[in-house]
Structures are given as C-alpha cells and as structure tokens.
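The values are calculated or read from the model by the stated rules, or taken from the named source; none is laboratory data. Here the structure is a predicted model, which means the values were calculated and not measured. Using ideal geometry, Cβ is built from the backbone for each residue, glycine included, and neighbour counts are taken over all protein chains shown. Only protein heavy atoms, including side chains, enter the accessible area calculation; ligands, DNA and RNA are left aside. Shrake-Rupley method; radii C 1.70, N 1.55, O 1.52, S 1.80 Å.
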Amino acid sequence: RKEVEQDPGPFNVPEGATVAFNCTYSNSASQSFFWYRQDCRKEPKLLMSVYSSGNEDGRFTAQLNRASQYISLLIRDSKLSDSATYLCVVNDPGGSYIPTFGRGTSLIVHP
Amino acid sequence: EPEVTQTPSHQVTQMGQEVILRCVPISNHLYFYWYRQILGQKVEFLVSFYNNEISEKSEIFDDQFSVERPDGSNFTLKIRSTKLEDSAMYFCATITGVNEKLFFGSGTQLSVL
C-alpha cells in the first residue's frame, strides 16, 4: 500500500507562534490532498483541501510540492484551540479509490 | 451540512461475540468506507464499498469481517467473532465522488473484553 508519512510530534508551541507541518507521500500519481484535524477520540474533520497552486484559509496555509512529493500546513498566530492532531490524507488514482491517512502530527499550543 | 450517522456510539462485547456496527451514509454519496483507529494509532483503512459491492479491502479485513447495505440506506460492518485486538474506534466515511473530501460519522468505540 502507498505510504503517507508524518512526523508525529508533539509540536509544543506558545500562543501566537507560527508552526509548520510536512507530510510526504510515496505515490507520484496521487491526485488529491487534504488536511484533517482530529480532536481526542473524535472523528477527523476536514481542515482544508490542498490545491496545486497552494491555498489559504485565514491563519492556515496549505501547499503542495509535487516534485518532492510533500504537502505542508502552516498555522500562523496559534490559538489554544488549535491543539489537536493534524492528519494528512492522500487520495490515490486508479480503480480502487482509497483515501490514505498519515499517522498525524500532534500540536499542543500552551499559554 | 449533511451528516453521516453511526450507531451505537459505544459497544462493549465479550470476546468471541458478534457485533454489528451501523452507518447511515449521506444519501447522494457513492463511495462508502470503514476505517478503524486503535487508541494512539493511525486511522487505518478497512474496506471500501461502491455500487453495492466491496471495491477493495485491506489485510485487516479478514474473514471475520463483512459489510453489507441491506436496505439501500444502512451500511453495516459485522465482526463475526470479536478478538481483544478488535478494540478500536470504527469510523464510517462517505464521499460523493473521486477526489472529493471524506465525510465521517462520529464513530463507534468498540471495547472487546
């Protein structure tokens, strides 16, 4: 199975900090990419899709680097409420369409 | 926003017993999935379901597991003879089409004693 790799962390940052996560994927033919947020014992929730041109949603910026096969998530001005696990999801093409999850990166934002 | 509904939210069972986890997908979605997440570990793919049949399954999805869509509405995961290592959170997820985002149910926490 194709792999999706993330640094599990935890990333421990103060409020207001900027933090960045990377995610690498092994299948160069992968077509769509997402960042999900997961709170403890809850379901993953979509944070943002990742587009080839990069995209921004408020304090969150996602980028895709196809040549190096990684996606990134940048969080600016971290809030306490940003504390969660951030999951990278990669959708592979082909007849069997299986969104594949990285193991997640844990973020802890402290006062 | 439309929701994927899962029941029950918690299920406690004895080893060797059968359990059925239920999911009601969003009505116009085409692809259905079951994932599981053991505490502290990654979200793992179990099985995908499209056009009323299994399209792919992982190595976790052995003969003890089965899925069906009995009435065109519910999408169920059955574990025939549960093992201790089946204890996990089980998530149902659906999408409208390829390259679209996953919509998750709130999960069923299965505890096998």
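Some points to look at:
- Contact order relative to length of chain A, as percent, for alpha carbon pairs under 8 angstrom and 6 or more apart: 38 percent
- Over chain B, relative contact order from alpha-carbon pairs under 8 Å, at least 6 apart, %: 38 percent
- Each Lys or Arg adds one and each Asp or Glu subtracts one; over the other residues with Cβ under 14 Å from the Cβ of A:Gly16, this totals 0.
- Accessible-area value, A:Cys40, 1.4 Å probe, nucleic acids and ligands omitted, Å²: 110 Å²
- Surface accessible to a 1.4 Å probe, A:Thr18 within the full protein complex, Å²: 90 Å²
- Each part reduced to its alpha carbon centroid, region A:2-37 and region B:68-113 end up 25 Å apart.
- Dipole orientation for the protein assembly as shown: of the candidates B:Trp34, A:Asn65, B:Pro8, A:Asn65 has the Cα lying most toward the positive pole (charges on Cβ; Lys, Arg +1; Asp, Glu -1).
- Members of region A:46-62 that become less accessible by 10 Å² or more once partner protein chains are added (1.4 angstrom probe, chain alone as reference): A:Leu46
- Region A:12-111 - charge dipole about Cα centre, Lys and Arg +1 at Cβ, Asp and Glu -1, debye rounded to 20: 140 debye
- Computed magnitude of the charge dipole of chain B (debye, nearest 20; Cβ of K, R +1, Cβ of D, E -1): 180 debye
- Residues of region B:1-37 with amide N under 18 Å of a point placed 7 Å along Cα→Cβ from B:Asp63: B:16-19
- Taking every protein chain into account, the accessible area of chain B amounts to 49 square angstrom per residue (probe 1.4 Å).
- Percent carbon-and-sulfur accessible area, chain A, ignoring ligands, DNA and RNA, probe 1.4 Å: 48 percent
- Heavy atoms of chains A and B lose about 1900 Å² of accessible surface on contact, summed over both sides with a 1.4 Å probe.
- Förster radius 45 Å - calculated FRET efficiency between B:Thr13 and A:Leu80 (Cβ-Cβ, nearest 0.05): 0.75
- Over all other residues within a Cβ to Cβ distance under 9 Å of B:Arg36, the charged ones net out to -2, with Lys and Arg as +1 and Asp and Glu as -1.
- Residues in region A:65-111 that, when all protein chains are in place, have 40 Å² or more less accessible area than the chain alone would give (probe 1.4 Å): A:Ser96, A:Tyr97, A:Ile98, A:Pro99, A:Phe101, A:Arg103
- Around B:Leu77: net Lys/Arg minus Asp/Glu count, Cβ-Cβ under 12 Å: +3
- Each Lys and Arg contributes +1 and each Asp and Glu -1, all at the Cβ; summed about the Cα centre of the protein assembly as shown, the dipole is approximately 180 debye.
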